[in-house]
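The values are calculated or read from the model by the stated rules, or taken from the named source; none is laboratory data. If you're wondering where the values come from, they're calculated on a predicted model, not measured in any experiment. Please note: Cβ atoms are built from the backbone with ideal geometry, for glycine as well, and neighbour counts cover all protein chains shown. Please note that ligands, DNA and RNA were not included when accessible areas were found on the heavy atoms of the full protein model with its side chains. Shrake-Rupley method; radii C 1.70, N 1.55, O 1.52, S 1.80 Å.
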Amino acid sequence: MGRAPSRGLLAAYRRLMRDEPRAPRLPTSPGFWRSPLRGPRFTSVLGLVLLAGITVLFVTGLLSYAAYNPDLSPVNDKTPDKGILGLYLFAWPTNPHWLYRLNQGVHVTLGITLIPVLLAKLWSVVPRLFALPPARSLAHALERISLLLLVGGGLFEFVTGVLNVQLDYVFPGSFYPLHFYGAWVFFAAFVAHALLKTPTALRNLRRLREERDDLVSPRPAEPTVSRRGALWFVGGGSLLLFATTVGQNFGGPLRRTALLAPHGGAEPGSGPNGFQINKTAAYAGIDTAETAGDAWRLVVTGPAGTVRLSRAELAGLPLHSAALPIACVEGWSTPDQWWRGVRLRDLAALAGYEDDPPDVFVESLQRRGAFRKAALRANQVADPRSLLALYVNGEELSPDHGYPARIIVPAAPGVLNTKWVARMTFGDL
Ligand code: HEM
């Protein structure tokens, strides 16, 4: 008798004796997928959660773009070729003053919270992505193409979003157009999918138990957790991400709970200027020689000509206060801070607009950063809480918060509240 038969052959032989079919090796075979968790009810629960969540994400995303007032000036618009996709744009309001803080806080926190649900949903339908034949009919082919746009678009949106808020955006191409156009492609495929699948999903939920379906494994492995347990696990993952992210929208001890958020944890400083900062003066390339002592002048231009004001002269003008938050486009924000300074509409009057303040074009001393220039619309200039702030929380602005002077406008994205202001040109843009 020659060499002992190989282990594989032995296993195949034993299976043969037990009359057991060969374990399918290709994912195209339903038997390849062994998890007993998959099924239409499991998938439907996740699908309906995403139906609500992604719709909120899309709407808050579109509002985030609208808050830039991108149609006011090219400096505010990072996606100028949007064409009809910009038809929904409108003049962003200044009330309620926490509007952008809420919108962006919801967009980013919900986006991150939904990640486990998205991944579980994709896992639950993976067998369908490999099902053969690729297309049984034209309608089936179209549905499969929309599924590719849906899955690809969804992953693209979540990946670019997370990269934008978490890291210093390491992705080829500008975030703005990619995330904006990606959102439209994804949401269009999402609407098609939802229209096709929601009735089925609701029917599935009404059923008491899983029906036979191409998602249900024909040869399920031994269960290690129930479907309900698996859904609790996904929910627990979302809850954990929510609990370690949402705190970045609050100050004090709650911010310390935002362990996963770049602007979570302890405040960067202490005292009146100790609250969160996005870009420091050093990062923005601010030359202290231009801001120290009496070197700086604010240049205000309008039909009345050009006025150059020192910081002392500005501080000598009527000053007003407003309690307003910093709300960053990356989804973090601060509680209301007490700002004190000159009303933008009073500066407009100096430039020659006694009544009906116009739009204003604001330029900063900063040498780096996509938003060293920004445009504000007339309604923002006219709001009595819109200030060229010189003080915050009873103290002079610190260099990192924009000393000698910075813009603060209610309900505006942080990037439009220009720091280290050098020039303001009033007039319709
Ligand atoms: C984890 C998931 C996500 C995160 C963290 C995220 C993050 C962000 C951030 C930080 C912005 C503002 C960028 C800026 O103005 O600088 C943004 C804008 C936007 N998001 Fe998301 N996002 C996510 C998912 C989504 C999804 C799923 C959609 C669509 C369904 C979406 C649609 C948009 C749109 C339309 C904008 C406006 C883009 C612009 O201002 O040009 N986002 N998102």
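By the helix-only formula, in which each DSSP H run with n ≥ 4 contributes -39500 (n - 2.57) and the sum is divided by residues, the chain has a 222 nm mean residue ellipticity of -13000 deg cm²/dmol. Near the amide H of L324, within less than 5 Å, lie the amide hydrogens of Q337, W339, all on another chain or at least 5 residues away, with H placed in the peptide plane. Once the Cα atoms are used to define both axes, helix 115-130 deviates from the longest principal axis of the chain by about 40 degrees.
For region 90-150, applying the loop criterion from DSSP together with a ceiling of 12 other beta carbons within 10 Å to the trypsin sites (Lys or Arg not before Pro) yields R136. Around the amide H of A422, modelled in the peptide plane, lie the amide H atoms of E363, S364, L365, all under 5 Å away and 5 or more residues distant in sequence or on another chain.
Among 389-395, 371-377, how do they line up by average Cβ neighbours within 10 Å per residue, starting with the highest?
The packing order, highest mean first, is 371-377, 389-395.
Taking every C-alpha pair closer than 8 Å and separated by at least 6 residues, the mean separation divided by the residue count of region 30-249 gives a relative contact order of 42 percent.
In what sequence, highest mean first, do 407-415, 359-367 appear when ranked by Cβ atoms within 10 angstrom?
Details: 407-415: 24.2, 359-367: 20.1.
Those peptides, ordered most packed to least, come out 407-415, 359-367.
Listed by chain and number, the lysines whose C-alpha is less than 29 Å from the C-alpha of K197, apart from same-chain residues fewer than 8 away, are K121.
Taking the three principal axes of the alpha carbon atoms in the chain, the coordinate ranges are 103, 45, 44 Å, sorted in descending order. Apply the a/c threshold of 1.5 to the C-alpha gyration tensor of region 288-426 and tell me whether it is rounded, prolate or oblate. In terms of gyration-tensor shape, rounded. Residues in the chain average 50 Å² of solvent-accessible surface per residue, probe 1.4 Å, ligands and nucleic acids excluded.
Placing unit charges on C-beta atoms (Lys and Arg positive, Asp and Glu negative, everything else neutral), compute the dipole magnitude of region 288-426 about its Cα centre in debye, rounded to 20. Roughly 360 debye for region 288-426. If you roll a 1.4 Å probe over the chain with all protein chains in place, what percent of the accessible area is carbon or sulfur? That fraction is 65 percent. Dipole of region 70-229 computed with +1 at Lys/Arg Cβ and -1 at Asp/Glu Cβ about the Cα centre; of L122, G153, L132, farthest Cα towards the positive end is L132.
With charges set only on the Cβ (+1 for Lys and Arg, -1 for Asp and Glu), what does the dipole of the chain come to about its Cα centre, in debye to the nearest 20?
My answer is approximately 2820 debye.
Applied to region 332-345, the Karplus parametrisation 6.51 cos²θ - 1.76 cosθ + 1.60 on θ = phi - 60° returns per-residue 3J(HN,Hα) values of 8, 7, 10, x, 4, 10, 8, 9, 9, x, 8, 5, 4, 6 Hz, with x for Gly and Pro. Would you kindly derive the ³J(HN,Hα) couplings of region 240-254 from the backbone phi angles with the Karplus curve 6.51 cos²θ - 1.76 cosθ + 1.60 (θ = phi - 60°), listing them in order in whole Hz, with x for Gly and Pro? Each residue of region 240-254 in turn: 5, 5, 4, 5, 9, 10, 4, x, 6, 9, 10, x, x, x, 5 Hz.
Springs between Cα atoms under 10 Å define the GNM used for the chain, and in it the highest mean-square fluctuation of L72, L324, L202 occurs at L202. Just so you know, the averaged projected area of the alpha carbon convex hull for region 30-249 sits at 14.7 nm².
Annotation: lysines with alpha-carbon distance below 24 angstrom to K78 (same-chain offsets under eight excluded): K279, K373, K419.
Applying the Karplus relation 6.51 cos²θ - 1.76 cosθ + 1.60 with θ = phi - 60° to region 34-48 yields 3J(HN,Hα) values of 9, 4, x, 7, 5, x, x, 5, 4, 5, 5, 4, 5, x, 6 Hz, where x marks Gly and Pro.
Cα axis of helix 99-113 to longest principal axis of the chain: angle in degrees, 0 to 90, nearest 10? Tilt relative to the chain: about 20 degrees.
For the chain, the longest principal axis of the Cα atoms and the long axis of helix 7-17 meet at an angle of about 60 degrees.
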